[in-house]
Structures are given as C-alpha cells and as structure tokens.
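> Let me begin by handing over the structure; questions about it come next.
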Amino acid sequence: MLKTREKDYTCNGIKVLRSSHRSIRELKRIHKPSIHGFRIWPSSWLLMDYFIRSRFSSQLNIIDIGCGWGIAGICCVKNFDSVVTCIDSDSAVFPYVHLHAGINDVRVKTIEADFSDLSCKYFKNIDVMIGSDICFWDDMVDTLKEMMIRALDSGVKTIVFADPGRPSFEMLGEYFQNKGMGDIINWDISQPYSIQGRILKVGI
Ligand SMILES: C[S@@+](CC[C@H](N)C(=O)[O-])C[C@H]1O[C@@H](n2cnc3c(N)ncnc32)[C@H](O)[C@@H]1O
C-alpha cells in the first residue's frame, strides 16, 4: 500500500509527483490545462499495467495522444526503451510532461495537435498509438474513429486505449470489434491503487 502523505511515489518503474508536490504546485500557478489535463487519470495506470503484463516489445515508435502529463509514454521509454511523442491539443500539459520526463531521466517529444488534425504525416514510422481517458464526450467518438482509421491506413500497427468504461468509449470500441479489427477487455489493477476499467486494442 502506498503512503498517501508522500508527495511522490514510484509505480511501474516510474516516479510521479502528486499535486501536493512543490514542483507541481509551482507549475499549476502558471500552466492551467483546460481540457481535463490537470492530473494523472486512473486509466493511464491501466494502460501501463497492460503494457507490462503483456510484455510490450522494446524500441517501438509510439505516439501517446491526449497525453495529459504523459505518464504512459514515459513508462514506455523507461521500461521498453520506446521512442515516444506525446500529443495533446492543450499545450499547458507539456510542462508537466517534461517535469516527469526529467525526474525519470528520459526524453519525450511533445506536439500540440488536435485529434482531428492528426493526418498521415504524424503517423509516419509510428508502430503503436496509445491513449488513456481520451474518449469522454460523445462527439469524440467519430473524431477518434476517423483518426484511428487514418492511422491504421498509414501503417500504425497497434492502437491501445484505456478508459474507465464510459458509454462513448464502449461505442468506439464496439465499432472496431464489430468490424473484427479489435477487442475490448476488462482490466483491473491494485497498484498504485485499486482501478477497474477497459482496454481497447485495435490492430495486431
Ligand atoms: C482526461 S485527460 C487524460 C490525460 C492522460 N491521457 C491521462 O490518462 O492522464 C484528456 C486529455 O486529452 C486532451 N484532449 C482532449 N481533447 C483533445 C483533442 N480533441 N485533441 C487532442 N487532445 C485532446 C486533453 O487536453 C487532456 O490532456
């Protein structure tokens, strides 16, 4: 069990700072994410656990879309020597990404872009697209679906998203499941705390 009073903790081989940590409080005074990117969301821990338990391949080129604080991508660099680009439409999240990359002694690239703007050029040489808690409104379903199809058509081999299991996410997953292109499964973890949710894997 993690000690809740500590201002940082380590899980899945990466160190993260709580909102009460001085460095986070300093960033929050200046950089104010406005589309829910103000914290690490539980689904990102589901994603990291999924990668670790399914023995993710090493040295893959990965994009983490709707990255927020970028923890899932940073976990991939740390554990699998991946090359990661963190993408988000809200550039206010990037200082939190770089802070966590720094304390974990890794580097990630950041790009400000909306899901709808992710054209083929963003997918060049990308093996895997990852994302956690990025399908939280109904109007995101079609945007994400079209973007995922563009990515697969451009050569991205695998897409893995995690979510608490919102109806919008289920709708997105059902589309790919019904086409025989993907699966949605339950995923439960106990560290860093108890979390239940869903993983959508599309592609190989
Ligand atoms: C709920 S947060 C999840 C952040 C992170 N993936 C996590 O699990 O901690 C959603 C993130 O998606 C980003 N986002 C929302 N809509 C977006 C869009 N249309 N294009 C790109 N990023 C978007 C937000 O800025 C935010 O960082």
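> Per the Kirkwood definition applied to all pairs of different Cα atoms, how many angstroms is the hydrodynamic radius of the stretch 1-111?
14.1 Å
> Compute the angle between helix 140-153 and the longest alpha-carbon principal axis of the chain, please, reported from 0 to 90 degrees and rounded to the nearest 10.
Roughly 70 degrees between the two axes.
> Please enumerate, by chain and number, the lysines with C-alpha under 16 Å from the C-alpha of Lys109, excluding those fewer than 8 residues away in the same chain.
In chain and number order, the partners are Lys78, Lys121, Lys124.
> Tell me which cysteines of the chain come out unpaired when the rule is another cysteine's Cβ under 4.7 Å.
Result for the chain is Cys11, Cys75, Cys76, Cys120, Cys135, no neighbouring Cys Cβ within the cutoff.
> While we're looking at this one, here's another question. Given a Förster distance of 45 angstrom, what is the FRET efficiency for Ile149 paired with Ser194, based on the Cβ-Cβ distance and rounded to 0.05? Could the numbers behind the result be given before it?
Numbers: r = 35 Å, r/R0 = 0.77.
Efficiency, rounded to the nearest 0.05: 0.85.
> Compute the angle between helix 42-53 and the longest alpha-carbon principal axis of the chain, please, reported from 0 to 90 degrees and rounded to the nearest 10.
70 degrees
> Around Cys11, which amide H atoms from residues at least 5 apart in sequence, or from another chain, sit under 5 Å from its own amide H, with H modelled in the peptide plane?
Val16
> Scan around Ser132 for amide H atoms under 5 Å from its own, H built in the peptide plane at 1.01 Å from N, and keep only partners 5 or more places away or cross-chain.
Ala162
> Considering only DSSP beta bridges with both partners in the chain, what is the antiparallel share in %, to the nearest 5?
Numbers: 18 of 35 bridges.
Taking every DSSP beta bridge with both residues in the chain, the antiparallel ones total about 50 percent.
> The stretch 13-203: percent of C-alpha pairs farther apart than 26 Å?
Numbers: 4452 of 18145 pairs.
Result for the distance tail: 25 percent.
Throughout, read-outs are computed from the coordinates displayed, never taken from laboratory work. Nothing here was measured: the structure is a model prediction, and the numbers come from that model. Here the Cβ is made from the backbone with ideal geometry for all residues, glycine too, and neighbour counts use every protein chain on show.
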